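Below is one structure, written out as structure tokens; comments come after it.
A short reminder: the numbers here are calculations on the coordinates, not readings from a lab. Note that this is a predicted model, so its numbers are computed, not measured. Neighbour counts run over all protein chains shown; Cβ positions are idealised from the backbone, glycine included.
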2 protein chains.
Amino acid sequence: MEMLEEHRCFEGWQQRWRHDSAVLNCSMTFSIFLPPPRSVTPPPVLFWLSGLTCNDENFTTKAGAQRVAAELGIVLVMPDTSPRGEAVADADGYDLGKGAGFYLNATQQPWAAHYRMYDYLRDELPALIQAKFNVGPHCAISGHSMGGHGALIMALKNPGRYTSVSAFAPIVNPLQVPWGQKAFTAYLGDDAALWREWDSCALMLESTEADAIPMLIDQGDNDQFLADQLQPARLAEVARQKSWPLTLRIQSGYDHSYFFIASFIEDHLRFHAQYLLK
Amino acid sequence: MEMLEEHRCFEGWQQRWRHDSAVLNCSMTFSIFLPPPRSVTPPPVLFWLSGLTCNDENFTTKAGAQRVAAELGIVLVMPDTSPRGEAVADADGYDLGKGAGFYLNATQQPWAAHYRMYDYLRDELPALIQAKFNVGPHCAISGHSMGGHGALIMALKNPGRYTSVSAFAPIVNPLQVPWGQKAFTAYLGDDAALWREWDSCALMLESTEADAIPMLIDQGDNDQFLADQLQPARLAEVARQKSWPLTLRIQSGYDHSYFFIASFIEDHLRFHAQYLLK
């Protein structure tokens, strides 16, 4: 594991690391924010999953999350959005291949050799963070757009793993929208029945009430992708049926950009802190 | 004048505009943050000048300044760092030509036709902002590195114009450092006596006490450019001689990056607010 960058930031440290991933079969880069030590208790971790076209640096440089993470004493971990490198399959277009891993395990060629972001995020990366940094056992997860989808499926598929989950403008029902249909066809094949285990609406519908954790979603009503790709009301309806503690906030005038994320990331950090720091 | 982008941000609006500059003889882009209305009094303006290689978007996306500007009711104006376009002279290297206008009026060829950032920032852009937006008469100025130099010379050369001035890691004495010597030779010619009117240390030495305004400078002690290019202690010594109200803060462990700016921009905004909002 090699440190690529380190910057002092809000009395903590913003670092960028490269490591060899056995799961993804390539070299991967992640960013991490380590808050200034506040107590002898190791700090909990919030994983942040970014959206299409992003890498580990978008949230790191644009969201302004370090200020509140430093205050609260929360480690932020920002993974990349897909496997990387010359040996890794790619496609034309921003919504498939590199930068568009959709946080699942691909079963189809040419993707199956590297595109296993789900296993990477569930097993390999958390183990690496636990081994290399002074962090506590509690973790939560959040993300934006495709990364909001990632955060939601990670939480829904792993009851007990996360104290809480949140998302900005997530793809909640990839089964039913163009981004998801294109990616799932390529990564998972034509049998849409197999897609259900990577769809937040479907997963929540099959969940049990005992597995529910607090969930916060922010969605701008001026988001260009709202009608065609996002539609968080679909998940809110499932949450109502299943009595999931979902708070969906529609933010007036906000779009899909990092200006939207920056405006509300403090709320998300304080939301997670209620459960992470218990 | 054409709006290129608009995003809701912290209940205000982040906008990007293009306009034809008569002074620079080219099309220019600037960004502006308009805070949510707090009262019937039009808000004051803080001009932010960026450093080498930057344009209007670096501070806009990375500094996290909008949160506090929204709270305080301050308009942020982020100009570009040089004239732009195919007709504009350029040079190899990041420290001369486009992205490196040094906020002066060039007298030498091939630069003199466009490189008049000083006149643009002193006259044309403020007049445009006053005419097109609902802003009050008070303004202040801040910047980073080359833009810190720009903020300081704008304030020192225009007594009474700004309520206050601040800078992050500014080039305070370009006369004496490689970045300044290269740029001033190209833009102003070989006669170093003519450089003095663009050098903060020289300008402050010739200033009168009545013209002094509050000045805040933050400098990281882990800044890779500190020893060779910055040396803010030189300006602090002049300020001491001239009884200028300069606060120079050396921030332990911080470097030259936007992580440094993000960590302390709130202090700068609150510093300026004391004078802007009187």
- Alpha carbon Rg of segment A:2-277, scaled by the compact-globule rule 2.2 N^0.38 Å: 0.93
- Could you size up the charge dipole of chain B around its Cα centre, putting +1 on the beta carbon of Lys and Arg and -1 on that of Asp and Glu, and report it in debye to the nearest 20? 680 debye
- So what's the Cα pair-distance distribution over the protein assembly as shown, bin width 10 Å, in %? 4, 17, 25, 23, 17, 10, 3, 0
- Task: Work out, step by step, the length gained on full extension between A:R196 and A:A112: first 0.36 nm times the residue separation, then minus their alpha carbon distance; give nm to one decimal.
- Result: 28.4 nm
- Message: If you average the C-alpha positions of segment B:12-72 and of segment A:31-63 separately, how far apart do those two centres end up, in angstrom?
- Response: 27 Å
- Task: Shortest first and in nm with one decimal, please list how far the B:Q108 label point sits from its counterparts in the other copies (point 7 Å along Cα→Cβ).
- Result: 6.1
- Message: What does the structure give for A:4-10 when I average, per residue, the other chain Cβ atoms found within 10 Å of the residue Cβ?
- Response: 6
- Please state the charge dipole magnitude for segment A:54-160, taken about the Cα centre, from unit charges on C-beta atoms (+1 on K and R, -1 on D and E), reported in debye and rounded to the nearest 20. 280 debye
- Message: With N set to the number of residues, divide the alpha-carbon radius of gyration of segment B:50-94 by 2.2 N^0.38 Å and report two decimals.
- Response: 1.48
- Message: Ignoring chymotrypsin sites (Phe, Trp or Tyr not before Pro) that are buried or in helix or strand per DSSP, and keeping those with at most 16 other beta carbon atoms within 10 Å, what is the longest stretch of chain B between them?
- Response: B:134-278
- Query: So how far, in whole Å, is the C-alpha centre of segment B:158-186 from the one of segment A:107-133?
  - Reply: 49 Å
- Message: Positive end of the dipole of segment A:2-277, charges at C-beta (+1 Lys, Arg; -1 Asp, Glu), about the Cα centre: which of A:N105, A:A127, A:S31 has its Cα farthest in that direction?
- Response: A:A127
- Local charge sum around B:I250 (other residues, Cβ-Cβ under 12 Å, Lys/Arg +1, Asp/Glu -1)? -2
- Message: Under a crude label model (7 Å from the Cα following the beta-carbon direction), how far is A:E206 from A:E6 in nanometres?
- Response: 4.5 nm
- Residues whose built amide H sits under 5 Å from the amide H of A:A167, excluding neighbours closer than 5 in sequence, are A:G143, A:L216, A:I217, A:D218
- Work out Dmax and Rg for segment A:211-278 from the C-alpha atoms and quote the Rg first, both in angstrom. 13.0, 38
- For chain B, calculate the relative contact order in percent as a whole number, restricting contacts to Cα pairs under 8 Å that are 6 or more residues apart. 17 percent
- 15 Å beta-carbon shell around A:H114, net charge (K/R +1, D/E -1): -3
- Item | Sites B:A131 and B:K278 - FRET efficiency at Förster radius 25 Å, r taken between beta-carbons, to 0.05 | 0.55
- What is the residue of chain A with the smallest Cβ distance to the axis taking A onto B, and what is that distance in whole Å? A:G64, 2
- Item | Inter-copy separations for A:A227, label at 7 Å along Cα-Cβ, nm, ascending | 6.1
- Note on the structure: So, in nm and shortest first, the distances from A:A193 to its counterparts in the other copies, with label points 7 Å along Cα→Cβ, work out as 9.1
- Pairs from A:K62/A:K242; B:K98/B:K242; A:K62/B:K132; B:K62/B:K132 whose Cα-Cα separation, in the structure shown, is over 30 Å: A:K62/A:K242; B:K98/B:K242
